[in-house]
1. Between beta-carbons, use under 15 Å as the cut-off and find the net charge around HIS132, counting Lys and Arg +1, Asp and Glu -1.
2. Excluding ligands and nucleic acids, what accessible area in Å² is computed for THR46 using a 1.4 Å probe, to the nearest 10?
3. Just to be sure I understand the model, the point goes 7 Å from the Cα along the line to the Cβ. What's the resulting LEU128 to ILE141 distance in nm?
4. Using a 1.4 angstrom probe on the protein heavy atoms only, could you order LEU128, LEU93 from most to least accessible area?
5. At 0.36 nm per residue, minus the direct Cα-Cα distance, what do PHE49 and SER176 gain on full extension? Give it in nm, one decimal, please.
Amino acid sequence: MDHSHHMGMSYMDSNSTMQPSHHHPATSASHPHGGGDSHMMMMPMTFYFGFKNVELLFSGLVINTAGEMAGAFVAVFLLAMFYEGLKIARESLLRKSQVSIRYNSMPVPGPNGTILMETHKTVGQQMLSFPHLLQTVLHIIQVVISYFLMLIFMTYNGYLCIAVAAGAGTGYFLFSWKKAVVVDITEHCH
């Protein structure tokens with residue numbers, strides 16, 4: 001006995017996502033499930049390399065051709081690169097906007113029982129300032145982009161997943177080499 005009709009889903013060709021195959025008998029135009037006959041597509045739960053009926057973030061943004069997939073690949077790649085650049089730019093802006101620098105010295109043991117003085121720099125930032133407001137707005141943008149990239153990856157489309165990973169890697173390579181690295185020469189446990 002075939003019970004596949006209970007699932008309400010059928011697999012289309014290898015380049016498409018799963019789509020509803022029919023409506024439940026109790027469903028009618030006057031009483032649909034979910035508020036309307038929306039032709040809802042289900043997300044695949046395994047990786048695939050198709051380009052037919054691939055929804056990208058919004059219901060109206062559907063990839064159906066190889067050219068559209070190529071365009072989406074480039075856009076997602078650039079979005080992931082921008083995300084990495086934004087992270088580095090925020091760190092740079094934070095360093096430039098820091099105020100109230102304070103230096104603290106503390107004794108540390110040196111070689112042969114000597115005592116050395118180690119100086120630490122403490123910096124702060126004012127909450128009600130333009131730099132902090134800018135950091136807040138940039139943080140919101142960064143969070144939204146990070147969720148978009150996560151949702152794109154969760155389409156399980158191999159091309160889009162590669163675009164996210166390659167864009168993030170390229171962005172990190174291009175932008176993070178300028179990142180200042182602080183090395184504590186007194187630290188021996190890495």
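1. Working: positive: ARG90, ARG95, LYS96; negative: GLU91.
Counting the neighbours of HIS132, the net charge comes to +2.
2. 90 Å²
3. Computed distance between label sites LEU128 and ILE141 equals 2.6 nm.
4. Details: LEU128 160, LEU93 65 Å².
From most exposed to least exposed: LEU128, LEU93.
5. 42.6 nm
The values are calculated or read from the model by the stated rules, or taken from the named source; none is laboratory data. Everything quoted here is computed from the prediction, not taken from an experiment. All Cβ positions, even for glycine, are placed from backbone atoms using ideal geometry, and neighbour counts span all protein chains on display. Accessible surface is based on the protein model in full, side chains and every heavy atom, while ligands, DNA and RNA are left aside. Shrake-Rupley method; radii C 1.70, N 1.55, O 1.52, S 1.80 Å.
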